[in-house]
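To start, the structure itself, in structure tokens.
The values are calculated or read from the model by the stated rules, or taken from the named source; none is laboratory data. Owing to the predicted nature of the structure, the values given are computational and were not obtained by experimental measurement. Because the Cβ atoms are built from the backbone with ideal geometry, glycine has one as well, and the counts that use them run over all protein chains shown.
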Amino acid sequence: MSASDLLAYGAARSVLGLAAALPLSLALGFARAAGRAAFRLDRRHRAIAAVNLAIALPGLPPEERLRLARGSYENMGEMLVHVSRFPRWLRRERLRRLVRYEQAEEYLRFKAEGRPVIFLTAHLGGWELMAFSHAVLHQPIHFVYRPLGQPRMDEWLHRRRSLSGNVPVPKREALRQLLRALSRGGDIGILADQNVQPQDGVFVDFFGRRACTSAAPAVLALRGNAKVIPVFLVPNPEDPGRYVIHMQPALPVRRSGDFSADVLENTARFTGAIEAAVRRWPDRWLWGHRRWRTRPPDDPEDPYAGI
């Protein structure tokens, strides 16, 4: 590890240690301020966010786009506070004071029937807290992860993610392990909102522009005979400092027998659910990711050229 990596790791651990020690309201305020500072300093991802907002929400005035981009940084700060505090939230009664479910009845019925469930979600709101909370309050899930470029930080995050019994699955081993979990009636979680390479996805509309989107949720739903529930954790507007896990109605999964056509149609349906969530909570999505980077052959223009 380089000296700069060690310094970055040490600084991050110090900040997270402070966030874990402060009262929650102070920690969240500190995290949002840190997010705003990072937004001012991070020119590259700020520019990417500006491109994405121009594509997705072209009717918004510039100052509103700026507010949404800044909000996504504040959201990331909040999420790191959540992760730093996972050990104290292993007690169910304490976690229930922080998080509540909305519309979980359908999920509970599926579990009573022994049905496997795919949680379809995105880099929106508190996705780490959502997975952790579900494991503590219901049952652990398997989910795909990509290792961070900073090994020490990746190791720390991996330990936090596993505290509740959740099973992080490396991307290169994902399909086999996730299908095995579904075959046992388990739950899996998939973040399905980021750009992928053509060999890993299909092109479907996202905010009116084709985006190369992971085919994995559709493949797993078809091969694992699973129910697909969009789920997102966001702040409770009626109770500041508390959160709601929004479980939406299960999405219909097309099973026509034409596997390729079914994968394409189901991926479009799943992506539509994610788009609806981003439209509902636009300041909570990760706008700094190059979502439209991979282009179809008939639309090769890179919207991020020069960034």
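The set of residues in region 132-183 that are touching a strand residue (DSSP E or B) at 6+ places or on another chain (Cβ under 7 Å) and among the small types (Gly, Ala, Ser) comprises Ser133, Ala135, Ser162, Ala174, Ala181. Which pairs have Cβ atoms under 6 Å, sit 6 or more apart or on different chains, and link a residue in region 22-51 that is under 20 Å from Glu63 (Cβ atoms) to one that is among the hydrophobic types (A, V, I, L, M, F, W, C)? Listed by first residue and then by second, the contacts come to Gly35/Met76; Ala47/Ile307; Ile48/Ile307; Ala49/Ala69; Ala49/Trp287.
Considering each of Ala49, Ala33 in turn, give the residue that is within 15 Å of Glu74 (Cβ to Cβ), modelled with pLDDT under 95 and within 23 Å of the chain's Cα centre (by Cα). Give the steps one after another, and end with the answer.
Details: Ala49 fails: modelled with pLDDT under 95.
Of Ala49, Ala33, the one residue that is within 15 Å of Glu74 (Cβ to Cβ), modelled with pLDDT under 95 and within 23 Å of the chain's Cα centre (by Cα) is Ala33.
The numbered conditions (1) of a type outside the set (Phe, Trp, Tyr); (2) over 30 Å from Ser133 (Cα atoms); (3) part of a helix (DSSP H, G or I) are all true for Pro58 except (3). Every condition in (1) touching a Pro at 6+ places or on another chain (Cβ under 7 Å); (2) charged (D, E, K, R); (3) touching a residue at least 12 places away in the same chain (Cβ under 8 Å); (4) closer than 22 Å to Met76 by Cα holds for Arg100 except the one numbered (1). The listed residues are Ala268, Ala261, Ala276, and the only one of them that is within 25 Å of Glu128 (Cβ to Cβ), in a helix (DSSP H, G or I) and out of contact with any Ser or Thr (no Cβ under 6 Å at 6 or more places or on another chain) turns out to be Ala276. Within the option set Arg269, Arg280, Arg255, being without any contact (Cβ under 8 Å) to a residue 60 or more places away in the chain and in contact with a Pro (Cβ under 8 Å, 6 or more places away or on another chain) holds for one residue only, Arg269. Take Asn236 and decide whether it is surrounded by fewer than 17 Cβ atoms within 10 Å (Cβ to Cβ) and touching a helix residue (DSSP H, G or I) at 6+ places or on another chain (Cβ under 8 Å). So Asn236 does not fit the description; no.
Restricting the first member to region 291-307 and to residues that are more than 16 Å from Ala56 (Cβ to Cβ), and the second to residues that are of a type in the set (A, V, I, L, M, F, W, C) and part of a loop (DSSP other than H, G, I, E, B), the beta-carbon pairs closer than 7 Å and six or more apart or on different chains are Thr294/Val196.
Candidates His82, His45: the one that is touching a strand residue (DSSP E or B) at 6+ places or on another chain (Cβ under 9 Å), part of a helix (DSSP H, G or I) and either within 23 Å of Leu157 (Cα to Cα) or not small (Gly, Ala, Ser) (or both) is His82. I'd like the full set of residues that are buried (at least 16 other Cβ atoms within 10 Å of the Cβ) and farther than 19 Å from Arg184 by Cα, limited to region 101-118. Result: Tyr101, Ala104. Residue-level check: of (1) hydrophobic (A, V, I, L, M, F, W, C); (2) part of a helix (DSSP H, G or I); (3) touching a strand residue (DSSP E or B) at 6+ places or on another chain (Cβ under 7 Å), Ile118 misses just (2). Restricting attention to region 125-176 and to residues that are polar (S, T, N, Q) and part of a helix (DSSP H, G or I), the residue that is nearest to the chain's Cα centre (by Cα) turns out to be Ser133.
Looking for whichever is closer than 25 Å to His82 by Cβ and of a type outside the set (Lys, Arg) here; the options are Leu163, Leu175, Leu179. Which one fits?
Numbers: Leu175 fails: closer than 25 Å to His82 by Cβ; Leu179 fails: closer than 25 Å to His82 by Cβ.
The conditions single out Leu163.
Within region 148-163, one or more residues are at pLDDT below 95 and of a type in the set (Asp, Glu). Yes or no: region 119-128 includes at least one residue that is more than 20 Å from Phe270 (Cβ to Cβ) and surrounded by 15 or more Cβ atoms within 10 Å (Cβ to Cβ). Looking through region 119-128, at least one residue is more than 20 Å from Phe270 (Cβ to Cβ) and surrounded by 15 or more Cβ atoms within 10 Å (Cβ to Cβ).
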